[in-house]
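J.: My structure is below; once you've seen it, I'll send some questions.
What follows draws every value from the coordinates through simple rules; no lab data is involved. The model shown is predicted, which means the values in this text are computed figures rather than measured ones. Positions of Cβ are backbone-derived with ideal geometry, glycine not excepted, and every protein chain shown enters the neighbour counts.
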Amino acid sequence: MVEEQLLPRGIEDPAVLHAMEVVPRHLFVSDALHAQAYGDFPLPIGNGQTISQPYVVALMTQLLQLTGQEKVLEIGTGCGYQSAILAALCERVYTVERLKPLLARARKTFDRLQIYNIMSKVADGTEGWPEHAPFPAIIVTAAGPQIPQPLVDQLADPGVMVLPVADLEGQTLMVVKKEGGAVTITPVESVRFVKLVGTHGWKAA
Ligand code: SAH
């Protein structure tokens with residue numbers, strides 16, 4: 001996975017590559033999908049949701065430029081794979097998932113892997129997690145129609161947020177940086193994520 005999918009596409013942060021090598025991705029998907037867990041594609045994780053392909057997880061993580069010291073806010077825990085990668089690269093992960101059964105399963109996997117620096121809750125992540133703000137790094141793993149304002153407000157200064165945003169043509173991965181009070185938004189590349197559903201995302205169907 002690292003040699004064929006990540007290195008050739010520009011994932012070069014040694015810490016990110018190491019985390020991708022050691023976190024057992026197959027333990028985050030159902031037994032029936034174990035054989036496909038390291039393939040170059042997203043996989044279903046139940047409740048109509050998906051785990052991103054390895055390259056997208058690595059790219060988003062690399063864009064956060066983590067030092068190991070920070071607390072990271074993640075919106076969209078899903079199966080918890082991205083959370084586990086982050087947990088290996090920062091001090092503490094605060095992750096929010098709107099679907100209770102998914103978070104329950106992710107928590108079991110964290111326990112099984114003895115990962116203890118992930119705090120989690122079931123809630124609408126488009127509201128962020130104000131009690132623990134500000135966050136020097138924020139990652140959103142579902143795409144809404146705009147950048148949720150509470151997340152911009154809860155981003156530390158300096159801080160970096162990585163998230164997909166939907167537009168007419170599809171979705172674009174964006175890097176939002178806050179520095180000296182100024183917020184800059186840089187598009188990175190086209191991506192495909194499930195919907196971010198919430199007050200500052202899409203309305204629930
Ligand atoms: N990072 C995850 C990706 C899961 S897919 C992984 O590694 O598996 C995105 C997740 O975002 C889904 O589980 C979906 O339920 C969740 N989600 C969508 N809208 C949300 C919201 N407003 N708040 C929290 N989670 C949300």
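J.: Being β-branched (Val, Ile, Thr) and within 12 Å of the ligand (Cβ to nearest atom) narrows it down to one residue among THR184, THR109; which is it?
T.: THR109
J.: Taking the residues in segment 145-174 that are over 14 Å from the mean Cα position of the chain (by Cα) and in a strand (DSSP E or B) as candidates, determine which candidate is surrounded by the fewest Cβ atoms within 10 Å (Cβ to Cβ).
T.: PRO158
J.: Another question, then. Using the structure shown, decide if LYS195 is touching a residue at least 12 places away in the same chain (Cβ under 8 Å), surrounded by 15 or more Cβ atoms within 10 Å (Cβ to Cβ) and away from the ligand (no atom under 16 Å from the Cβ). Spell out the reasoning first.
T.: Working: touching a residue at least 12 places away in the same chain (Cβ under 8 Å): yes; surrounded by 15 or more Cβ atoms within 10 Å (Cβ to Cβ): yes; away from the ligand (no atom under 16 Å from the Cβ): no.
Considered against the rule, which asks whether it is touching a residue at least 12 places away in the same chain (Cβ under 8 Å), surrounded by 15 or more Cβ atoms within 10 Å (Cβ to Cβ) and away from the ligand (no atom under 16 Å from the Cβ), LYS195 comes out as no.
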